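**Q** Just passing along the structure, written as structure tokens.
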Amino acid sequence: MNRLDEILSYNKSFVENKEYEKYKATKYPDKKMVIFSCMDTRLTELLPRALNLRNGDAKFIKNAGAVITHPFGSIMRSILVAIYELNAEEVFVIGHHGCGMSNIDTTKTLEKILQRGISKDTLSTLENSGINLKNWLHGFDCVTDSVKKSVSIIKNHPLMPKDVFVHGLIIDPETGKLELVVDGYNNL
Ligand SMILES: [Zn+2]
């Protein structure tokens, strides 16, 4: 059975057995919070368990590295929608140690892109239209600085209400232990 069939077959019995019932929630976060974190596989269940979050408690936004690359990109839009439309009052930026987005060797990534059949012409066309691929693919060198930067972009966004608390933390992907980087209550 391929992965898709496996998922579809499991899903059929999940729904038939009404296993969804214990996950009932509304779209409004009960704990009025947004978590912005990394897509790392180790955090999928560990992060909510380690923060005592259940289905319905928080809005989760994830990408590679918990990095905001653009103040008017989809991450910032998601955070603003969570605040204005879904009643979130606090934002938690949570980076982690050993992140795949730290110290990426973008020269090697570009080599892999070429090996997978993307042409040099395509890369040149992108570079010529103003996209610096190495910069764009690069994550961050230091997770603490990266979390502080994301917190600052959110906190200082022109559309961010002043009464929203924006915290910055780092999670250990093995133990779930949190390290405080920015205490949003004292960062007004
Ligand atoms: Zn990561």
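**Q** Specify the residue with the greatest mean-square fluctuation among 114, 137, 51, computed from a Gaussian network of the chain linking alpha-carbon atoms under 10 Å apart.
**A** Answer for the Gaussian network model of the chain: 114.
**Q** Going from most exposed to least, what order do 138, 157 have by accessible area with a 1.4 Å probe?
**A** Reading off the accessible areas and sorting them downward yields 138, 157.
**Q** Okay, helix-only estimate at 222 nm for the chain: each DSSP H run of n ≥ 4 adds -39500 (n - 2.57), divide by all residues, round to 500 deg cm²/dmol; what do you get?
**A** My calculation for the chain gives -11000 deg cm²/dmol from helical runs alone.
**Q** Now, a different point. Determine the dipole magnitude for the stretch 1-43: charges of +1 sit on the beta-carbon of Lys and Arg, -1 on that of Asp and Glu, nothing else is charged, the reference point is the Cα centre, and the result goes in debye to the nearest 20.
**A** 280 debye
**Q** What are the lysines whose alpha-carbon lies under 30 Å from the alpha-carbon of residue 31, with same-chain residues fewer than 8 places away excluded?
**A** Straight-distance partners of residue 31: 18, 22, 59, 62, 148, 149, 155, 162, 177.
**Q** For 169, 180, give me the order by solvent-accessible area with a 1.4 Å probe, most accessible first, ignoring ligands, DNA and RNA.
**A** Descending accessible area places them as 180, 169.
**Q** Could you tell me which of rounded, prolate or oblate describes the stretch 1-106, using a ≥ b ≥ c as the square roots of the eigenvalues of the alpha-carbon gyration tensor, with rounded for a/c under 1.5 and, failing that, prolate when a/b is larger than b/c and oblate otherwise?
**A** oblate
**Q** Averaging over all projection directions, find the projected area of the Cα convex hull of the chain and quote it in nm² with one decimal place.
**A** Approximately 13.8 nm², given one-decimal rounding.
**Q** Give me the distance between the Cα centres of the stretch 130-179 and the stretch 38-81, rounded to whole Å.
**A** 11 Å
**Q** Let me ask something else. Where nothing but the Cβ of Lys and Arg (+1) and of Asp and Glu (-1) is charged, how large is the charge dipole of the stretch 118-188 around its Cα centre, in debye to the nearest 20?
**A** 220 debye
**Q** Heavy atoms only, probe 1.4 Å: what % of the accessible area of the chain goes to carbon and sulfur, would you let me know?
**A** 53 percent
**Q** While we're on this one: If the reach is capped at under 16 angstrom between alpha carbons, list the lysines near residue 112, excluding any in the same chain fewer than eight residues apart.
**A** Hits, sequence-local ones excluded: 120, 134.
**Q** Rounded, prolate or oblate, given the Cα gyration tensor of the stretch 1-57, with a/c below 1.5 counting as rounded?
**A** It comes out oblate by the Cα gyration axes.
The values are calculated or read from the model by the stated rules, or taken from the named source; none is laboratory data. What you see is a predicted model, and the numbers here were worked out from it, not measured in a lab. For neighbour counting, all protein chains shown are included, and Cβ atoms are generated from backbone atoms with ideal geometry for every residue, glycine included. These area figures cover heavy atoms from the full protein model, side chains too; ligands, DNA and RNA do not enter into them. Shrake-Rupley method; radii C 1.70, N 1.55, O 1.52, S 1.80 Å.
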